């Protein structure tokens, strides 16, 4: 589970409160935070760390719940009526981060395939050779393939482009 410390939990301890003692707003805020923390945990279990944006939104949600508790303890109503960030927005950000990280991972794998081919002295491949020697590059090329256009893949260091004679040429950038 994530090592994110939530201030509201410390407030519960400090004021000797249970969640059941809290106002409905605070309870709802805690449930929303729990949904977000579950999404963070799932992403972390898949090797994905939450982005700084996600962490900042979690802190904002936690701060709101914390101040709901403080309002209850001190019998005040200074906290905003609504949580500043919605759980679903944060969960969407976590999903977006995960997709972007998967794309980065795919790019690293493609770069590794192209590097290996260049190091082996390969500068041209037929379609069948590409499919058998560099599967990730092959599939990435054909995810966005458009007949009659320049097709291929480019990474930070390598490029593979289909030539007019249906041969794929690899080059170092």
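Coordinate-derived values only; no laboratory data. Treat the numbers as computed from the prediction; the structure is a model and nothing was measured. Positions of Cβ are backbone-derived with ideal geometry, glycine not excepted, and every protein chain shown enters the neighbour counts.
For the pair the range 1-43 and the range 136-173, the centres of their Cα atoms are 49 angstrom apart. In terms of surrounding Cβ atoms within a 10 Å radius of their Cβ, 19, 44, 147 rank from fewest to most as 147, 19, 44. Relative to the longest principal axis of the Cα atoms of the chain, the long axis of helix 24-45 lies at roughly 30 degrees. Taking a ≥ b ≥ c as the square roots of the eigenvalues of the alpha carbon gyration tensor, the range 103-172 is oblate, as a/c is not under 1.5 and a/b does not beat b/c.
The length gained by stretching the chain between residue 135 and residue 10 to full extension, at 0.36 nm per residue less their Cα-Cα distance, is 39.9 nm. Stretched out straight at 0.36 nm per residue, the stretch from residue 106 to residue 163 would grow longer than its current Cα-Cα span by 18.2 nm. Structural descriptor for the chain: relative contact order 18 percent, calculated from alpha carbon pairs under 8 angstrom and at least 6 residues apart. Counting beta carbons within 10 Å around each of 66, 168, 142 and listing the fewest first gives the order 142, 66, 168. Note on mean projected area of the Cα convex hull in nm²: of the candidates (i) 13.2; (ii) 11.8; (iii) 13.7, the value calculated from this structure sits at (iii).
Computed over the chain, the per-residue total of -39500 (n - 2.57) for DSSP H runs of n ≥ 4 gives a 222 nm mean residue ellipticity of -20000 deg cm²/dmol, rounded to 500.
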